[in-house]
1. What's the number of the only condition in (1) farther than 12 Å from V426 by Cα; (2) open to solvent by 50 Å² or more (accessible area, probe 1.4 Å) that D495 fails to meet?
2. Say we look at segment 368-418 and pick out the residues that are out of contact with any Cys (no Cβ under 9 Å at 6 or more places or on another chain) and of a type in the set (F, W, Y); which of these is modelled with the lowest pLDDT?
3. Does F252 satisfy being open to solvent by less than 10 Å² (accessible area, probe 1.4 Å) and modelled with pLDDT of 85 or more?
4. Hey, among the residues in segment 351-360 that are at pLDDT 90 or above and part of a strand (DSSP E or B), which one's nearest to F491 (Cα to Cα)?
5. Can you work out which of the residues in segment 286-302 that are assigned to a strand (DSSP E or B), touching an Asp or Glu at 6+ places or on another chain (Cβ under 8 Å) and not β-branched (V, I, T) is modelled with the lowest pLDDT?
6. So V230 passes all but one of these: (1) touching a helix residue (DSSP H, G or I) at 6+ places or on another chain (Cβ under 7 Å); (2) among the hydrophobic types (A, V, I, L, M, F, W, C); (3) at pLDDT below 90; (4) open to solvent by less than 10 Å² (accessible area, probe 1.4 Å). Which condition number does it fail?
7. Restricting attention to segment 139-154, does a residue exist that is among the aromatic types (F, W, Y), more than 23 Å from S390 (Cβ to Cβ) and at pLDDT below 95?
Amino acid sequence: MLEQEINKRRTFGIISHPDAGKTTLTEKLLLFGGAIQKAGTVKRNKAEKTATSDFMEIEKQRGISVATSVMGFEYNDAKINILDTPGHKDFAEDTYRTLTAVDSVILVIDCVKGVEEQTRKLMQVCRMRNTPVIVFINKMDREGKDPFDLLEEVEKELHISTRPLSWPIGMGDRFKGVYQLNNKVLNLYSANKKEIADDNITIKDLSDPKLDEIIGETAANRLREESELVEGVFEPFDVNLYRSGYLAPVFFGSAINNFGVKELLETFIQIAPFPQARESDVRMIAPTEKKFTGFIFKIHANLDPNHRDRIAFCRITSGKFERNTFYLHTRLNKKLKFASPTSFMADTKSLVEEAYPGDVIGLYDAGNFKIGDTLTEGEKLQFLGIPSFSPEIFRELENTDPMKTKQLEKGIMQLSDEGVAQLFIVNPGNRKVIGTVGELQFEVIQFRLLHEYGASCQFRGLNYSKASWVSAEDPADMQNFLRTQASRIGFDKEDRPVFFSSSAWDLEYTAKQYPAISFHDNSEWDR
């Protein structure tokens, strides 16, 4: 029973540079899964409704995905769990954390722009864990780069081998559809934004004269030449190489017009890995183990503005989760039970009685959870791999309404628990330094503090560019360093000391002055 449930599940993230069409693709996958009846785009002027997967007020105003959305649906006997991540680089930390909770990813690339900066960074995180990747080259209904050039760019820039499983017939105004190389099916293109269209024609092989009749002689001959070249240049598709993270199958399409999405989804279900084993600080945990384990990879406060709720997103790693059962919170060494765990369909939530490895459930939280926390049936262990990285921008938080000090304190603690930004306490004076990856997070913090906690604040710029976690073998060396560098020391949420430096040279100089101190790029340096 447990193995059956595990084998049904596919849990993946959708990643891309902003505006490559990631949220649109998510919507269309939900449309094919029957989870929604009509797809909307993120920016309000494009459709009557905003995207189902974008539900925070600021997302609707700005037309970007800020928080990671979690959505589940069933398709062809498989249980699909999609984690749609923010594409905007300012929210990269949320995406990095989300990638720890998936077993594979779909990477969306804009055929006009090719591989972009954020795509490279996200792929680096996937390479760290050898996460299997499927590439979807989007917007083929626009004039873009040559498909062969795009594939070469993906291989060179992202350090992964590729293998096309579908091939486009023209592009832009001349885009006629795609040919499925693996099952010899021709998908004819028709711009159908909202509903599901089915224009599939099986072609015995490319020499079939029917092909010339359907797409015209010139396009047919070009397709014959190009697919021959594909078969000659690329190795045959090997599912094991894909699952090991070395080979990326490639699909072409137009997500906004529902094109190429169904083929992507159906191939994904066949080849994507089932829920995988995870490393803990004690041992590897296999999904088939009878006892429940899971970890918190995201926290979202005030999902519903009418209720002061806080939801911790838990990825189930092994065993079976059951409602109203006591589980051990290993960091606090405290037993908790959950009366109303939820599953998600974007902004609609439903009660869950049980859940299995690969599922993501929402646990209502009264402030017990931090990102990275582990739940078990009693075993003391901690899952690895959700470190904090150094922020790039640092500002001091200033309270502009002393009457609301309490609300500000509570709000900033909760937002940093969620991972919106990192909070460092600097003494003397208990000053709060906020570290983020991008400017937009400060806007989000200000907006949410005001709208959710009634607290107003402003930020004062600081001349720092990096926070390094510090350690020393001899506690006396550490005390000496913390005392002499007190003005540039902060403490993170776990009370670990960090050193603020203004440049690479500054950090290098300090490291030479204090050879007994080790400087680390992330918070899990000792793991």
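The values are calculated or read from the model by the stated rules, or taken from the named source; none is laboratory data. All figures in this text were calculated on a predicted structure; none of them were measured in a lab. Cβ atoms come from the backbone with ideal geometry, glycine included; neighbour counts cover every protein chain shown. For accessibility, only protein heavy atoms count, side chains too; no ligands or nucleic acids. Shrake-Rupley method; radii C 1.70, N 1.55, O 1.52, S 1.80 Å.
1. (1)
2. Once the filter is applied, the top-ranked residue is F389.
3. Taking the combined requirement at face value, the residue satisfies it.
4. V360
5. Selected residue: A301.
6. (1)
7. yes
Conditions tested, residue by residue: (1) closer than 30 Å to S465 by Cα; (2) open to solvent by less than 20 Å² (accessible area, probe 1.4 Å); (3) within 19 Å of the chain's Cα centre (by Cα).
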| site | (1), (2), (3) |
| --- | --- |
| E322 | no, no, no |
| V352 | no, yes, no |
| I361 | no, yes, yes |
| G367 | no, no, no |
